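The values are calculated or read from the model by the stated rules, or taken from the named source; none is laboratory data. Being a predicted model, the structure only gives us computed values, none of them experimental. Note that we place each Cβ from the backbone using ideal geometry, even for glycine, and neighbour counts take in every protein chain shown.
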Amino acid sequence: MSATKEKKLITLPEVQKLLGGLNAETADQIQRRTLDYVSKFSKTSAEESEKIRERLVSEAKLSEREAVEITNIIPKSKEELRVFTSGWKKLLPEDIMDKILEILNI
């Protein structure tokens, strides 16, 4: 009988926190590359990204996937936000975009 693995969406800073405890000598190439990537592109701490994600879901009514994507990117303007949300195949109302940007300016 095989155990089922639970899938959980996490932000880049959370990945960095998880991989931060790896021993560079024993880590495989994928782990080292992933750690290098998230170290370069994480824009907040794991704790702050978790708070942002939770607020985006509860206050801006985004899905978990959308909240993780926005938390990874941290857009600074409505124009940047529109670029990333255009792939979601839904238009965000102005008040929701304002709320998202307010949350990201913590």
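Take A60 and decide whether it is small (G, A, S) and not assigned by TED's automatic domain parsing to the domain that holds K99.
Working: small (G, A, S): yes; not assigned by TED's automatic domain parsing to the domain that holds K99: no.
Here the answer is no, as A60 does not meet what is asked.
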- [ ] Could you run through region 51-67 and say how many residues are in a helix (DSSP H, G or I) and polar (S, T, N, Q)?
- [x] 1
Open item on the list: Tell me yes or no: at least one residue of region 95-106 is touching a residue at least 40 places away in the same chain (Cβ under 8 Å), β-branched (V, I, T) and exposed (fewer than 15 other Cβ atoms within 10 Å of the Cβ).
Closed with: yes
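Going through T4, T34 one at a time, which residue ends up being part of a helix (DSSP H, G or I) and either surrounded by fewer than 11 Cβ atoms within 10 Å (Cβ to Cβ) or at pLDDT below 95 (or both)? Please lay out each step first, then the result.
Working: T4 fails: part of a helix (DSSP H, G or I).
That would be T34, the only listed residue that is part of a helix (DSSP H, G or I) and either surrounded by fewer than 11 Cβ atoms within 10 Å (Cβ to Cβ) or at pLDDT below 95 (or both).
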Open item on the list: Tally up the residues in region 79-94 that are at pLDDT 90 or above, surrounded by fewer than 17 Cβ atoms within 10 Å (Cβ to Cβ) and more than 17 Å from the chain's Cα centre (by Cα), please.
Closed with: 3
Task: When residues of region 7-31 are limited to those that are β-branched (V, I, T) and within 15 Å of I73 (Cβ to Cβ), the one surrounded by the most Cβ atoms within 10 Å (Cβ to Cβ) - done: T11
- [ ] State whether the residues of region 12-23 include one that is closer than 30 Å to I96 by Cβ, hydrophobic (A, V, I, L, M, F, W, C) and not in a helix (DSSP H, G or I).
- [x] no
- [ ] Collect the residues in region 48-66 that are surrounded by 21 or more Cβ atoms within 10 Å (Cβ to Cβ) and hydroxyl-bearing (S, T, Y), keeping them in residue-number order.
- [x] S49
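Yes or no: region 47-59 includes at least one residue that is modelled with pLDDT under 95 and more than 13 Å from L104 (Cβ to Cβ). Step through it out loud before you land on a result.
So in region 47-59, the residues modelled with pLDDT under 95 come out as none.
No, region 47-59 has no match at all.
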